[in-house]
Every structure is written in C-alpha cells, then in structure tokens.
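Working notes for the structure below.
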Amino acid sequence: MASRVLVLYAGGTIGMAPSPDGLRPMDGFAERLHAALAEDAHRLPHFDVQSLEHPIDSAQLRPGDWSAIAAPLIAQWDAYDGFVVLHGTDTLAWTASALSFLLMGADKPVILTGAQIPWLQARSDALGNVHAALQFAARREIREVAVCFGRTLMRGNRCRKRASSDFDAFDSPNAPALARIGIDLQVDERALLSPPARDFRNPPLSTDTVELLTVHPGLSGRRIDALSADPAVRGLILLSYGVGNLPSDDPTLSAALERAAERELVVLNLTQCWQGRVAQDTYASGAALSRLGVIDGADLTPEAAFAKLHYLLAVAHTPAQVRVHLRQPLCGEMRPG
Ligand code: ASP
C-alpha cells in the first residue's frame with residue numbers, strides 16, 4: 001500500500017524570502033512547495049502540505065509553541081503513515097527533543113528538517129532535505145522522531161546544531177546516526193528505536209519553568225539564588241565542567257544549591273562538553289552535588305534535557321516523580337551510566 005505523508009510547515013529559513021528588514025517567512029509557502037514537489041510526485045510518497053497558522057523564525061520559539069506543532073500531528077496521526085515537520089534550524093534540535101516526549105511511543109516516522117539557504121535562493125539545500133525527509137517519512141521501520149539534514153538522519157532528542165553555515169548543520173555527538181544519505185539512503189536498523197507504548201500528551205507548557213545556567217570561573221551562588229527565588233522556575237539545568245564538576249571550594253555555591261533543594265527545585269547536572277557524559281561521583285567536587293540532590297544528567301544534550309524537564313514538570317505530579325523519570329531513558333534520549 002502506498003504511504004501517505006503529512007508535511008507541516010512551522011517556519012524557518014526554508015520558507016523565507018527577503019524583506020526590507022531581512023529574511024521573513026513568505027506568504028503561501030506551503031502551496032508553492034506543494035506545487036514544486038508535485039513535479040516530482042512520481043518519485044515521492046503521496047503527501048499533503050499544511051502550514052501552522054503563524055509560521056515563525058524559530059529563534060522566536062517558546063516552549064508553548066511545541067504544543068502547537070504537536071497538536072496537528074496528534075490530531076491526524078491515524079490519517080497518515082509518516083510526518084515531516086519543516087522548521088527553522090536555530091531551535092530545530094530543541095523542538096525535535098520536545099516532540100519526542102510529547103509524542104511518546106510514536107509508532108510512525110516524524111522527520112524534522114529545514115534549510116540553511118531559503119528554498120527560492122541559488123544553491124538552496126531545501127529541496128534535497130525535503131526529498132530525503134519525505135522518503136524517510138515513508139519508511140515503516142522508523143518509529144521515532146528524527147532529524148534529517150545534509151547527509152544524515154539522527155535521533156531527534158540526540159541531535160544538536162553544530163554549524164551556522166555548513167549544509168551538514170546537525171550532529172549527534174553521543175549517539176550513532178540512524179541513516180546516511182548518499183546515493184542510497186542507508187538506514188542502520190540496529191540504531192533505530194524500539195518505541196515504548198504509545199502515550200501522547202500535549203500539556204500546556206509555560207515559558208519560565210526551566211532555566212539553564214552555564215558554570216564558569218567565578219560563578220557565584222547568588223546566580224543560583226536569583227533563579228531559585230523566582231516562583232515560576234521549577235527546574236534548573238547546570239552545564240558544568242567535564243564529567244560534572246563545579247568549583248567546590250566556593251561555599252556560596254553549595255549553600256545556594258542547598259536552598260534550591262529546600263525549595264524542591266529539580267536540579268540536573270549536564271556537561272558543557274560537546275561530547276561525553278556526566279559521571280558525577282568521579283571527583284569530590286561532583287560527589288558533593290549528589291549529596292545535595294542534584295541529578296546526574298548522564299549523556300543528555302542540553303536541548304533534550306530542557307525539553308524532558310519541561311515535559312516531566314508538566315505531566316508528573318510531584319518533584320520526586322520528576323526526579324525518578326529524569327534518571328531513566330524514556331525514548332532513547334540518554335544512556336544511563
Ligand atoms: N533563524 C532561522 C530559523 O531558525 C534560521 C534557519 O532556519 O536556518 O528559523
């Protein structure tokens with residue numbers, strides 16, 4: 001039976017055109033793309049193209065926008081065999097991570113892609129990326145949210161934007177690629193996710209719930225106190241050094257983390273290294289964090305951690321439940337130590 005794919009345009013450079021103040025999403029992009037792809041229809045799965053009501057430059061994205069992208073996918077899940085989401089590259093990895101949690105147990109491919117050069121400009125990578133995404137969206141062995149860009153298909157909650165101007169703009173530093181795009185599309189079946197049971201949830205997500213703080217020389221506990229005193233903030237991600245180290249000889253930091261624990265703030269420790277994982281108990285400075293209830297974020301990317309924390313704080317009932325789920329992989333987003 002022929003596959004049917006829904007292409008959802010959420011915004012981004014792929015569908016932008018020059019305006020007096022720079023690139024902006026163009027009017028009628030979805031219809032124009034549909035007409036352009038129709039010329040190649042005999043080489044592609046059957047597809048429909050829809051657009052979000054207000055396509056955006058993805059630099060404007062807020063967590064609540066993830067619900068607006070997930071909603072049409074959930075509503076039309078049974079009508080299609082696969083989905084392509086066209087998205088700006090700036091926050092594509094964040095949205096791919098968020099969709100992997102909102103569409104927990106997806107039993108069909110959801111492929112995000114975009115472009116570095118707008119579709120209607122010379123040397124654009126748009127159509128190549130869309131063609132590859134459509135072909136992956138018709139592959140029934142793929143049952144997860146993935147990112148297709150340049151020459152690679154990656155797990156959505158493992159990928160990161162690595163380059164602002166290369167066509168291979170994304171990478172998956174801590175997990176193998178799902179497929180390579182060459183003359184053939186070579187899917188590595190061993191790397192694909194065996195999804196858990198389908199459990200779609202699309203709760204409202206508020207903007208200020210989760211904060212990210214990069215540890216740097218001289219970081220003071222006052223910064224952590226300021227974030228944890230904000231009643232809207234319920235989760236804090238620390239991007240620490242190496243395998244998860246913070247300066248341990250600064251008493252203001254540990255005192256601020258103690259106060260954060262008293263407030264039931266969920267604190268997650270990630271490495272600021274591009275590749276690798278936290279092993280919090282390796283050094284005395286990290287082990288002190290474990291005693292303060294800080295959770296070892298293993299090899300989560302910052303994007304996946306941010307989305308997972310938003311999702312869990314929206315669906316779990318208590319901070320204790322959030323902590324339990326943070327330590328476990330839910331949909332291939334981490335490999336515990
Ligand atoms: N600012 C654009 C966006 O993220 C960049 C892009 O799409 O490449 O929407």
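With respect to residue 77, determine if the residue is surrounded by 14 or more Cβ atoms within 10 Å (Cβ to Cβ), among the aromatic types (Phe, Trp, Tyr), within 16 Å of the ligand (Cβ to nearest atom) and in contact (Cβ under 8 Å) with a residue 24 or more places away in the chain. Show your work before the answer.
Details: surrounded by 14 or more Cβ atoms within 10 Å (Cβ to Cβ): yes; among the aromatic types (Phe, Trp, Tyr): yes; within 16 Å of the ligand (Cβ to nearest atom): no; in contact (Cβ under 8 Å) with a residue 24 or more places away in the chain: yes.
Judged against the criteria, residue 77 is not a match.
Only one of these is in contact with a Pro (Cβ under 9 Å, 6 or more places away or on another chain) and under 19 Å from residue 157 (Cβ atoms): 324, 278, 315. Name it.
Testing whether each residue is in contact with a Pro (Cβ under 9 Å, 6 or more places away or on another chain) and under 19 Å from residue 157 (Cβ atoms) leaves just 315.
I need the full set of residues from the range 275-309 which are without any contact (Cβ under 8 Å) to a residue 60 or more places away in the chain, farther than 19 Å from residue 264 by Cβ and among the β-branched types (Val, Ile, Thr), in order please.
In the first step, residues of the range 275-309 are kept if they are without any contact (Cβ under 8 Å) to a residue 60 or more places away in the chain; the result is 278-296, 298, 300.
Cutting the leftovers down to farther than 19 Å from residue 264 by Cβ gives us 278-288, 298, 300.
If the condition is that a residue be without any contact (Cβ under 8 Å) to a residue 60 or more places away in the chain, farther than 19 Å from residue 264 by Cβ and among the β-branched types (Val, Ile, Thr), then 278, 282 are the ones that fit.
If you scan the range 311-322, which residues turn out to be open to solvent by less than 40 Å² (accessible area, probe 1.4 Å), within 11 Å of residue 266 (Cα to Cα) and not aliphatic (A, V, I, L, M)?
Taking the range 311-322 and keeping what is open to solvent by less than 40 Å² (accessible area, probe 1.4 Å), we get 311-313, 315-316, 319, 322.
Imposing the further condition that a residue be within 11 Å of residue 266 (Cα to Cα) reduces the set to 312-313, 319, 322.
Answer for the range 311-322, where residues must be open to solvent by less than 40 Å² (accessible area, probe 1.4 Å), within 11 Å of residue 266 (Cα to Cα) and not aliphatic (A, V, I, L, M): just 319.
What's the number of the condition residue 106 fails, among (1) under 13 Å from residue 137 (Cβ atoms); (2) outside any loop (DSSP other than H, G, I, E, B)?
Residue 106 satisfies every listed condition except (2).
Would you please list the contacts, defined by Cβ atoms under 8 Å and residues six or more apart or on different chains, that run from a residue in the range 248-261 that is in contact (Cβ under 8 Å) with a residue 40 or more places away in the chain to a residue that is among the hydrophobic types (A, V, I, L, M, F, W, C)?
248/284; 248/288
Provide a single number: the residues in the range 280-310 that are crowded, with 22+ Cβ neighbours inside 10 Å, in a helix (DSSP H, G or I) and touching a helix residue (DSSP H, G or I) at 6+ places or on another chain (Cβ under 8 Å).
Qualifying residue count, the range 280-310: 8.
Looking only at residues that are part of a helix (DSSP H, G or I) and either touching an Asp or Glu at 6+ places or on another chain (Cβ under 8 Å) or within 13 Å of the ligand (Cβ to nearest atom) (or both) in the range 9-32, which one is modelled with the lowest pLDDT? Let's see the steps before the verdict.
Here is the first cut: in the range 9-32, the ones part of a helix (DSSP H, G or I) are 13-15, 29-32.
From the residues that got through so far, the ones that are either touching an Asp or Glu at 6+ places or on another chain (Cβ under 8 Å) or within 13 Å of the ligand (Cβ to nearest atom) (or both) too are 13-15, 29.
On the way: 13: 96, 14: 96, 15: 95, 29: 91.
It comes out as 29.
Restricting to the range 101-125, what's the tally of residues that are closer than 16 Å to residue 332 by Cα and open to solvent by 10 Å² or more (accessible area, probe 1.4 Å)? Explain how you work it out, then say what you get.
Keep residues of the range 101-125 that are closer than 16 Å to residue 332 by Cα, which gives 101-111.
Filter again for open to solvent by 10 Å² or more (accessible area, probe 1.4 Å), leaving 104, 107-108.
Residues flagged as closer than 16 Å to residue 332 by Cα and open to solvent by 10 Å² or more (accessible area, probe 1.4 Å) within the range 101-125 amount to 3.
Taking the range 45-66 as the search range and keeping residues that are within 13 Å of the ligand (Cβ to nearest atom), in contact with a Gly (Cβ under 9 Å, 6 or more places away or on another chain) and not in a strand (DSSP E or B), which one is farthest from residue 235 (Cα to Cα)?
Once the filter is applied, the top-ranked residue is 57.
Is it true that residue 35 is within 14 Å of the ligand (Cβ to nearest atom), in a helix (DSSP H, G or I) and open to solvent by 30 Å² or more (accessible area, probe 1.4 Å)?
Numbers: within 14 Å of the ligand (Cβ to nearest atom): no; in a helix (DSSP H, G or I): yes; open to solvent by 30 Å² or more (accessible area, probe 1.4 Å): yes.
No: the conditions fail for residue 35.
With (1) assigned to a loop (DSSP other than H, G, I, E, B); (2) under 26 Å from residue 19 (Cα atoms); (3) of a type outside the set (A, V, I, L, M); (4) open to solvent by 30 Å² or more (accessible area, probe 1.4 Å) as the list, and residue 128 as the residue in question, which single condition is left unmet?
(1)
The values are calculated or read from the model by the stated rules, or taken from the named source; none is laboratory data. Given the structure is predicted, the values throughout are model-derived calculations rather than measurements. Cβ atoms come from the backbone with ideal geometry, glycine included; neighbour counts cover every protein chain shown. For the accessible areas, the whole protein counts, side chains as well, though only heavy atoms, and no ligand, DNA or RNA atoms are used. Shrake-Rupley method; radii C 1.70, N 1.55, O 1.52, S 1.80 Å.
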